[in-house]
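Please read the structure below before turning to the comments.
The values are calculated or read from the model by the stated rules, or taken from the named source; none is laboratory data. None of these values were measured; they are calculated from a predicted model. FYI the Cβ positions are ideal-geometry reconstructions off the backbone, even for glycines, and counts take in every protein chain you see.
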Amino acid sequence: MQQHAGPGVLTYDDDVRFAHVVADSAQAAAMPFYGHHRSANIAAVDQARAAAAQAVESAILQVMRRARPRDSVLVAASTPGGDREPQPAATGVSGLTPGSQGARCWLVQPVVEPDHLLRGVPLWATTLTLLDGPDVVAALACLPAVNRRWWAAKGSGAWTGRALSSATRCQVHPTQRLEQARLCCTDLTSWARTQRLGQLSQLSAHCASTHAYGSVWPYLLLAEGGLDVVAQPSAALCDVAAASLIASEAGAHVSDLTGRPGPAGGSALACVPALHDQVMAVLNLEVPA
């Protein structure tokens, strides 16, 4: 539900409040799975992942269909290869892009890092993103096991806390030089798969430290000032939409690895604004053979 803050200005704060309500239901559905499945049987693990995702998805859709029946919903479902693509919740038909189902579309990731959920590692999440046409305008990332949420609305800043009533505003760290920066590469596997390990090695050599924290958590740390650069060589919009808006509203510069602004370029780079040109200069260096 759009709200007018002034002539010609729309805010999405009401949608953020609604996202918290949805997150309450998602959290209640997910927590029974937390740390309760540690089988080495591959088929059993796959079944547990599917059961957890289905339980959380069902809880989310129940709330959304009741309270936002005019909004479209796309669910980022796990495919056999491990990549995620958005699928319309009502039909399960793939191949559609966010925004194609209507002016307002919720992009939902029921469980990010499902193995963390099953093994009792706290860094799993549920993310909710609202697109108004092609624009990402509101987002929430809920990490129930650490009892915190991060959220943002376009033009309203980024916030974190246990609830709306106990929120602290997020702001990126004022790092000015790349040699002082804390870099997160999300994971090494994706850099190897995309044949960009050389780029990562060069970027890491120019930074003070390098970390790998998974797919959502790094952007939230960036928003809070705990990291300075987050680089992801392969990222669908559904992977980064929520986290990139939160980082952007906290003051980060968001682009792909070629420097094109926004979260929809197929890769992702989010960093302190003063570091963006420095990072791009390193990424554009010729990689030694």
Take the conditions in contact with a Phe, Trp or Tyr (Cβ under 9 Å, 6 or more places away or on another chain) and within 26 Å of Gly157 (Cβ to Cβ) and apply them to Ala242. Does it pass? yes
Wholly enclosed strands (runs of 3 or more DSSP E) of the range 126-195 bearing at least 1 residues at pLDDT 95 or above and more than 25 Å from Pro233 (Cα to Cα): 148-153, 158-161, 167-169
Among the residues of the range 108-117, is there at least one that is buried (at least 24 other Cβ atoms within 10 Å of the Cβ) and in a loop (DSSP other than H, G, I, E, B)? no
Is it the case that the range 73-85 has a residue that's at pLDDT 50 or above and over 21 Å from Glu113 (Cβ atoms)? yes
Working carefully through the options Gly214, Gly259, Gly265, Gly251, find the one that is under 27 Å from Trp159 (Cα atoms) and modelled with pLDDT of 95 or more. Gly251
Taking the range 118-149 and keeping residues over 22 Å from Arg162 (Cβ atoms), in contact with a strand residue (DSSP E or B) (Cβ under 9 Å, 6 or more places away or on another chain) and either in contact (Cβ under 8 Å) with a residue 40 or more places away in the chain or crowded, with 24+ Cβ neighbours inside 10 Å (or both) leaves Leu131, Asp132, Val136, Val137
How many residues are out of contact with any Leu (no Cβ under 9 Å at 6 or more places or on another chain) and crowded, with 20+ Cβ neighbours inside 10 Å if we restrict to the range 189-223? 3
Name the single residue, out of those in the range 237-273 being of a type in the set (A, V, I, L, M) and in a loop (DSSP other than H, G, I, E, B), that is surrounded by the most Cβ atoms within 10 Å (Cβ to Cβ). Ala252
Just to be sure, is Thr186 buried (at least 16 other Cβ atoms within 10 Å of the Cβ), closer than 26 Å to Leu128 by Cβ and among the hydroxyl-bearing types (Ser, Thr, Tyr)? yes
